[in-house]
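Structure first, commentary second.
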Amino acid sequence: MYRWKRLNTIRYLTLSIVLFGAFLGAPSTAQPQADDAHYQQQRILANQYYSDFNNAQAQEICRETPPKPDDFDYRFICVESLLDVDETTIELMYQFYADALEADRINDAARMLSSIGWAQASIGNISAAFATYEQGLEFGDKINFFVLNDLMLNTATLYIMYGDADYVAKGIQLHKETIERFKERKQSHPEDAAYSDRAITLTYFNLGVANAFHVHKYDEALEWFEKVDINRNDLRKSTLIFSALAAYKTQQLELARNYLQQADSSPHSNEIDTQYLDCYRDWLLLNWSEISGLPNCERLSANTPVEVELDLYKRIAQHADDNIRIIGLNGLHRLFVNKLEKSLKQSSTIAASNAELNRLTQESRLKSQLIENEKALKRAEQEKHESQVTLTFAITVILVMAVLLFALRLEKNRKLAQQFEQMSVHDALTGLYNRRYFEQQIGRELKLVKRAIEEKNPYELAIFVLDIDHFKSFNDTYGHDVGDKVLCEFSRRVESAIRETDMLVRWGGEEFVVVSRVDKNTAYQDIANRIRLAVRSTPFVVNKTEQVTLTCTLGGIIYPFNTQMFSATWQTLVQLADAALYYGKETQRDCWVCIEHIETEKALQLALTEPLVKTLPHKNIQVSRCND
């Protein structure tokens, strides 16, 4: 329903066309050099198909002529044009992100995070989407105006779609401010006028959608839709259908019929799957008693956005006719089972509050950039046309501005200092590395393992997830202050038991992660045993008169667990280690359990979806554990 993300990818690809000039003329440092003319022709053709929203043809080109690993613009097209959005697609996006970071292509990494967040939201993983956008916003001034705007507007769109009333209002306000920002952008950067105009009209459309479907102010929705240029094929049918809906809700039936008639003669957009518009059309005709059923609502595409399905099925479920209402109720049930997580609103709102901190900081930076650009232009005009006296005055103004900018910098540093602990790669309580550091380093570790095996100098990576047994009960008994002291001492003992080359991370709460490079022997077992013994060998001091012996349980995974399965992501590996930890908790505690080998893809999927105690009898998963 919302269209913001795709607009910005068009901008990037337009810039990429300029970079494709390497085929026609002088070499460019921004684009890897192709070895032959055919490769260059193919990548230009794929770009053209993608710019025309012909994803199927773009994918065919990508299959015939795969992009080179360091050709990030062409790779971006090949990932973005994938027709089906699922977990596999998202894993490919994460691989692009990791490679771009390693190549110091920060802008490419950030724009792929924007795409990842949108993909996560489209399959119903809203909390993950907010976290992804927050991660992208942390790049700050390392990324350009367009990528930063894309991340901010996608975050604002999620506010509207999945936030509470306050966040919906924030999202709408941010869209209105975006219109003004791009109007200013047109003035300061005339070369971007066409893009700015497109951004403005698309934001008009998004504001119409927000008012019609989220705050139900249909009069205001009509006002915004009327500003949209319906000569644009990608927006025409959507705008007309939604205008008909808003007119119907405001009792303007003749106007609603007029919009619907125009929509009937308009093609569907090639940009995204908009077959759901036929369901909205059926719903209007049903309310006008011109049809008796909802044929297009009973066969919605699997690619229909979650928020669209939710809106449609809620409307249908409120119909007076029992048969129609059942269609809506069945649709809501399928949507809940297939896509929605429990407490979606609550979790996404919490995640949104974290993203809001970074969004405000970046929004302030964008405004400052626009102000500075405008003042720079004025200073240049004064230097050309004004006398020496005016120039002296301008210098005085510059000095005043320097003082103001210095004051702004102090204020910005104060805000950054408040967020420092959150953005640091160290845990505030224990001083260990945190999850952010782990995510920055683990991709490199996995690649090094694969490279070592290819170079016939193999080693493996052991990833352990561990936590303190019965720690919740301990906290309930002695209080969180004592619990924090125990966590610090626990961290110190684990750190003393592992090697300097091992990575120790506080994952959250009483849960920790250890990553160790090991040879193909029992080295990982020695590490796990040393950790267990270090924790339980000496009682923990609770107070001046009391000591308590605590134990821990470890769950581990060896990478690679199968030399044919190098593509496993770190998320998959942590999930497998967590499954081993849960198995150890269920069966014994004060132990370690490690998955050494997974024979087949089917066995891997079982290990990811079923408790380990159920999957072990299949004999395709090899597990070792301590015997004491």
So, with points 7 Å from each Cα along the Cβ direction, the Lys450-Asp476 label distance in nm works out to 4.5 nm
Once both label points are put 7 Å beyond Cα along the C-beta direction, the Asn521-Gln571 separation in nm becomes 3.7 nm
Rounded to one decimal in nm, the spacing of the 7 Å Cα→Cβ label points at Gln95 and Gln251 is 5.9 nm
Expected unfolding gain across Asp229-Gln564 under the 0.36 nm per residue rule, minus the alpha-carbon gap, is 115.4 nm
If R0 = 25 Å, then Ser265 and Glu290, at their Cβ-Cβ distance, give a FRET efficiency to the nearest 0.05 of 0.90
Quick calc, segment 414-517, dipole around Cα centre from Cβ unit charges on Lys, Arg (+) and Asp, Glu (-), nearest 20 debye, gives 520 debye
Length gained if Glu500 through Asp197 is fully extended, taking 0.36 nm per residue and subtracting the Cα-Cα distance, is 103.5 nm
Going residue by residue through segment 526-536, the Karplus relation 6.51 cos²θ - 1.76 cosθ + 1.60 with θ = phi - 60° gives ³J(HN,Hα) values, rounded to whole Hz and with x marking Gly or Pro, of 4, 4, 4, 5, 4, 5, 4, 5, 4, 6, 8
For segment 572-589, in residue order, the Karplus 3J(HN,Hα) values (coefficients 6.51, -1.76, 1.60; θ = phi - 60°; whole Hz; Gly and Pro = x) are 5, 5, 5, 5, 5, 4, 5, 5, 5, 4, 4, 4, x, 5, 5, 9, 7, 6
If the chain between Asp70 and Asp36 were fully extended at 0.36 nm per residue, the gain over the current Cα-Cα distance would be 10.7 nm
Long-range amide H partners of Trp592, meaning residues 5 or more apart or on another chain whose placed amide H is closer than 5 Å, are Leu554, Cys626
Surpassing 23 Å at the alpha-carbon level, of the pairs Lys585/Lys614; Lys68/Lys447; Lys183/Lys227; Lys217/Lys314; Lys186/Lys227; Lys450/Lys585, are Lys450/Lys585
Whole-Hz Karplus couplings 3J(HN,Hα) for segment 160-166, θ = phi - 60° and coefficients 6.51, -1.76, 1.60, Gly and Pro as x, run 5, 6, 10, x, 7, 4, 5
Amide H contacts under 5 Å for Leu461, restricted to residues at least 5 apart in sequence or on another chain and with H modeled in the peptide plane, are Val518, Tyr559
Per the C-alpha gyration tensor (a ≥ b ≥ c, the square roots of its eigenvalues), segment 37-118 is rounded if a/c is under 1.5, else prolate if a/b beats b/c, else oblate; here it's oblate
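Bear in mind that the values in this text are calculations on the coordinates, not laboratory data. What you see is a predicted model; the values in this text were computed from it and never measured. Heads up, the Cβs are rebuilt from the backbone with ideal geometry, glycines too, and the neighbour counts pull from every protein chain shown.
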